[in-house]
Amino acid sequence: MKCIAYVSRVPIKDRSIRMPSGLSDIISVSSKNNPQSHITGIISYREGQYLQVLEGPDIEVDRLMAKISSDTRHENIWVFLNKSVTERSFRNWGISVFDFVDQGTFFDDFIEKNSVVLNSFDEQQTKRIQPFFDIHKSNTASQKDYKGKSLKLLAWPDLNHVSNPQMIMDLCVKLTKKPYPFDTLVASGEFGSSPQVTEIINGFDQSGILSVTETQPLDEPKVNEKKPNKFYGAIKKFLGMR
């Protein structure tokens, strides 16, 4: 089973404005055909754009996405999520027209599951999806303070949907072997500033793949005091060195 999520623009019609003239047809056809294909999800329209999430069998979802890609009622399609899933975020087909989809509690689970992808959006991508839900607002509310904590990954994230996979891979290596201090990560500067590192770590945390514990003080190495050697002590005494 897979999940595909995309944003598309409504083509410009008369008077240089975007009007969802084909929305009613999209709804009626989707409501009829999608249950037969075991596809569920949501569709929402706002400010000249559609946001749609499709979940179901791989072949059926890919086939439907191919139809959407060639549909003249959509343009400038941006597929921001395309991944395998083991369970659905939307068990029933839903429609939310002229409304914020994040007003529905059913959408919270979808955002939480895909927080790593959403957090990786650049400024332009964030601005485009902003009419449907506020990424920064949700991130700020859920971010934790990891200062003084040690971090360890329980599993690796999906590196196919991150903006800088090599950097994230290097970070994952550090966090996989044993608990690693957050403060040390920030001090190294290898993964950005403190807010940037916090944002990445928060994505891991929200995905349920992070273990957070209190940082343990480093054990000071014990210096073994050497006992005086009796033989060399006797030689020094014989030579008058002491």
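The values are calculated or read from the model by the stated rules, or taken from the named source; none is laboratory data. Every value quoted in this text rests on a predicted model; they were computed, and no experiment measured them. Ideal geometry is used to build each Cβ from the backbone, glycine not excepted, and the neighbour counts take in all protein chains shown. When the accessible area is computed, the model is the full protein with side chains, heavy atoms only, and any ligands, DNA or RNA have been set aside. Shrake-Rupley method; radii C 1.70, N 1.55, O 1.52, S 1.80 Å.
Kindly list the number of the only condition in (1) farther than 19 Å from MET1 by Cβ; (2) modelled with pLDDT of 85 or more; (3) surrounded by 14 or more Cβ atoms within 10 Å (Cβ to Cβ) that fails for GLU55.
Result: GLU55 fails condition (1) only.
Each row is one residue, and each column tells you yes or no for (1) modelled with pLDDT under 90; (2) assigned to a loop (DSSP other than H, G, I, E, B); (3) on the phi > 0 side of the Ramachandran plot.
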{"position": "THR126", "(1), (2), (3)": "yes, no, no"}
{"position": "LYS137", "(1), (2), (3)": "yes, no, no"}
{"position": "ILE168", "(1), (2), (3)": "yes, no, no"}
{"position": "LEU175", "(1), (2), (3)": "no, no, no"}
{"position": "GLY208", "(1), (2), (3)": "yes, yes, yes"}
{"position": "THR213", "(1), (2), (3)": "no, no, no"}
{"position": "PRO221", "(1), (2), (3)": "yes, yes, no"}
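Of all residues being part of a helix (DSSP H, G or I) and exposed (fewer than 13 other Cβ atoms within 10 Å of the Cβ) in the range 139-162, which is modelled with the lowest pLDDT? Just the residue, please.
Applying the filter and picking the extreme gives ALA141.
How about the range 1-38: which of its residues are modelled with pLDDT of 80 or more, within 23 Å of PHE133 (Cα to Cα) and of a type outside the set (Gly, Ala, Ser)?
LYS2, CYS3, ILE4, TYR6, VAL7, ARG9, VAL10, PRO11
So for the range 70-86 (the condition being of a type in the set (Gly, Ala, Ser), part of a strand (DSSP E or B), open to solvent by 60 Å² or more (accessible area, probe 1.4 Å) and at pLDDT below 95), does at least one residue qualify?
Checked against the condition, which is being of a type in the set (Gly, Ala, Ser), part of a strand (DSSP E or B), open to solvent by 60 Å² or more (accessible area, probe 1.4 Å) and at pLDDT below 95, the range 70-86 yields at least one hit.
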